[in-house]
Amino acid sequence: MTSPEFVQISPAVRQFAERLHGLFIDGAQVSAHSKLRLEVFDPARGECLATTADADEQDVDAAVASARRAFDTRVWRGLRPADRERVLLRLADLLEAHAEEFAQLETLNQGKSINVSRGVEVGASVEYVRYMAGWATKLEGETLDVSIPVPPGTRYTAFTRKEPVGVVAGIVPWNFPLMIAIWKLVPALAAGCSIVIKPSPETPLTALRLAELATEAGVPPGVFNVVTGGTVCGAALAAHPGINKISFTGSTPTGKLVATAAVQNMTRFSLELGGKNPAVMLADVDVDQGVQGILLGGLFNQGQVCAAASRIYVHRSKYRQIADGLSDAVRSMTLGPGLDPAAEVNPLVSARHRDRVLQHIAQARADGLRFLTGGEPVEQPGYYVRPVVIADAPPDAAIVRDEVFGPVLVVMPFDDPLEAVRLANNSPYGLAASLWSNDMKAVLNLVPEMEAGTVWVNTHVPLDPGMPFGGFKQSGIGREFGRHAVEGFTETKSVCIAH
Ligand code: NAD
């Protein structure tokens, strides 16, 4: 049964998906040198929806050469900052005007709820573009009082300039294909760089459409290129000597490959990687707020969120209530395609990822863990997994240690807050964490103890364009959002004048 609000895909979206997609280089769609094609699937039906080019090294060379030409000829970085800002604001307006088209295309390709596509993938992206556009006019250096003693009597004036780092490679995962592409594109452009974006092979469609919109907004040819492909294409970009900075979001193992390749050319890089994020609920946790917060913070986008809460540590006095609250709520969630706004459980992105998640669940069963709900097979086409709540898992269980990147919550009790912090930090990851309590003294004492790039309090998962986001430990290097994001696409130049 689907709801009356079930979204019918518009003919324009269908036509775009079915196009014979090439690459986007030098301001236009071009045929790829590679003759290999990649199938793109509709996760709700498990059917092929489109094909895209599987770009090879020559394709990557062409895209990097285009971005380099644009950089060297200063068609973008030579503009007045206010003019760059204006183009980016126009891009935000266009994205807003095409919001429904992008939302439908993303849900069709990624499988997520149309509500998430509309509100987050597109809605939050529009806000992000507007926020980041403003940084084009706000990059600034410093003046420095230097103490250079020679030659005697010489005075010096020194200052720093922030200059665009050059040609950027933006490598993007499949969980928020449009939004994460925008997180790379817009700060890079605000800083005056040119960029080659490589979307994930599973979800390439919105990035290809975004490149057309950016051109319409006034981004000059070559400043924003898109190459579609898989490992060959990604590895060629990461190792390309013509790239000055790699902004990568994806898994920790791939991130390490990217960093290793980058270092050979001294290419700058930032990595936003995996997470196994804890939520710690103290004795005074508001049970309803905690349950609702974890349903959102853990299962939003089917748990395919790098910052999703997946390890839930609850003070023993509230443990039963939280565990029961979560499993009751999860059991009643309705399952259906992302195009049905009433469906609360949507398919995972691909058959391969569904199988990976099911393997984690099977391992937890084989380990004899206690399942409160979920994990039963789903008898319908599409890549569905029923959300799972597991209780009482020991700290060394695979399901407690490994990133699942799917709808699996593990709830565990503790007696002492410092014990909870120790358990929470007992992970190679350190992307995000949350604390749940209204005892602000206790919370503020625990915040510095948490090994995580973001600590939320009484919420889990909201991001803001101005709030730095990134990981401790194996969750990454660098920060996105805010000043950090845009400055990550710059070099600092010192200028020292003797007078
Ligand atoms: P992935 O690492 O498999 O792929 C990420 C991107 O890298 C894809 O575009 C892929 O084609 C490309 N790639 C593959 N091999 C490459 C290589 N050798 N060199 C360069 N690029 C290569 O990740 P995924 O499965 O697409 O996404 C899921 C992972 O991403 C999860 O681990 C998740 O936690 C992480 N993620 C992190 C964040 C964050 O902000 N920290 C956000 C979203 C996703």
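Any read-out appearing in this document is the output of simple, stated calculations on the displayed coordinates, not a laboratory observation. What you see is a predicted model; the values in this text were computed from it and never measured. Neighbour counts run over all protein chains shown; Cβ positions are idealised from the backbone, glycine included.
May I ask you to derive the relative contact order of segment 277-464, considering only C-alpha pairs under 8 Å and at least 6 residues apart, and to give it as an integer percent? Value for segment 277-464: 31 percent. When you restrict to C-alpha pairs under 8 Å that are six or more residues apart and normalise by the size of the chain, the relative contact order lands at 19 percent. The distance from the alpha carbon centre of segment 167-193 to that of segment 226-279 is 13 Å, rounded to a whole number.
In this structure, the amide hydrogen of VAL457, modeled 1.01 Å from its nitrogen in the peptide plane, lies closer than 5 angstrom to those of LEU435, counting only residues at least 5 positions away or on a different chain. Among DSSP beta bridges whose residues both lie in the chain, state the antiparallel percentage, nearest 5. Counting DSSP beta bridges with both partners in the chain, the antiparallel share is about 45 percent. Lysine pair count for the chain with Cα-Cα distance under 22 Å and sequence separation of 8 or more or different chains is 24. Think of each Lys and Arg Cβ as +1 and each Asp and Glu Cβ as -1; about the Cα centre, that makes the dipole of the chain roughly 1120 debye. Between 0 and 90 degrees, the angle of helix 316-331 with respect to the longest Cα principal axis of the chain falls at about 80 degrees. Amide H contacts of ILE197 (H built 1.01 Å from N, in plane; Pro and chain starts excluded): GLY170, ASN225, VAL226, VAL227 sit under 5 Å, all sequence-distant by 5 or more or on other chains. Taken over the Cα atoms of segment 72-138, the convex hull encloses 93 Å³ per residue. If you take all C-alpha pairs in the chain, what percent of them are over 33 Å apart? Here the tail beyond 33 Å accounts for 40 percent of pairs.
Each residue of segment 22-30 was assigned a 3J(HN,Hα) from its phi angle through the Karplus expression (A = 6.51, B = -1.76, C = 1.60, θ = phi - 60°), giving x, 9, 10, 9, 6, x, 8, 6, 10 Hz with x at Gly and Pro. Here each label is just a point 7 Å from Cα along the line to Cβ, and for VAL378 and MET333 those points are 1.0 nm apart. A dipole drawn for segment 277-464 from +1 and -1 charges on Cβ atoms has a positive end, and of LEU326, ALA308, LEU358 the residue lying farthest that way is LEU358.
The angle between the Cα long axis of helix 99-110 and the longest principal axis of the Cα atoms of the chain comes to about 60 degrees, rounded to the nearest 10. Exposure proxy shown here: for THR490, THR73, the number of other Cβ atoms within 10 Å sets the order, fewest to most, as THR73, THR490.
Computed about the Cα centre, the dipole magnitude for segment 277-361 is approximately 400 debye when only Lys and Arg (+1) and Asp and Glu (-1) carry charge, each at its Cβ. Taking the number of Cβ atoms within 10 Å of each Cβ as an exposure proxy, the fewest-first ranking of ASP26, ASP328 is ASP328, ASP26.
Computed from backbone phi with θ = phi - 60° and the Karplus coefficients 6.51, -1.76 and 1.60, the 3J(HN,Hα) list for segment 134-145 is x, 5, 4, 9, 10, 6, 9, x, 10, 9, 10, 8 Hz; x is used for glycine and proline. Distances between placed amide hydrogens fall under 5 Å for ASN277 paired with SER310, ARG311, all partners being 5 or more residues away or on another chain.
Charges were assigned to the Cβ only: +1 to each Lys and Arg, -1 to each Asp and Glu. The resulting dipole of segment 277-464 about its Cα centre is roughly 340 debye.
Translational diffusion of segment 348-496, estimated by Stokes-Einstein from the Kirkwood radius over alpha carbon pairs at 10 °C in a medium of 1.306 mPa s, is 88 µm² per second.
According to a simple spin-label model (label point 7 Å from Cα along Cα-to-Cβ), what is the distance in nm between LYS493 and ALA82? Simple spin-label model gives 2.3 nm for this pair.
Residue-wise HN-Hα couplings along segment 184-192, as the Karplus relation 6.51 cos²θ - 1.76 cosθ + 1.60 with θ = phi - 60° gives them from phi, are 8, 4, 6, x, 4, 5, 4, 6, x Hz; Gly and Pro carry x.
Between ARG155 and ALA366, the contour length at 0.36 nm per residue exceeds the alpha carbon distance by 68.6 nm. For the chain, the mean residue ellipticity at 222 nm estimated from helices alone is -11000 deg cm²/dmol, where every DSSP H run of n ≥ 4 contributes -39500 (n - 2.57) and the total is divided by all residues, rounded to the nearest 500.
Residue exposure proxy: TRP436, TRP76, ordered by other Cβ atoms within 10 angstrom of their Cβ from fewest to most, comes out as TRP76, TRP436. Cβ-Cβ distance of MET440 and ASP324, R₀ of 25 Å, FRET efficiency by 1/(1 + (r/R0)^6): the value works out to about 0.35.
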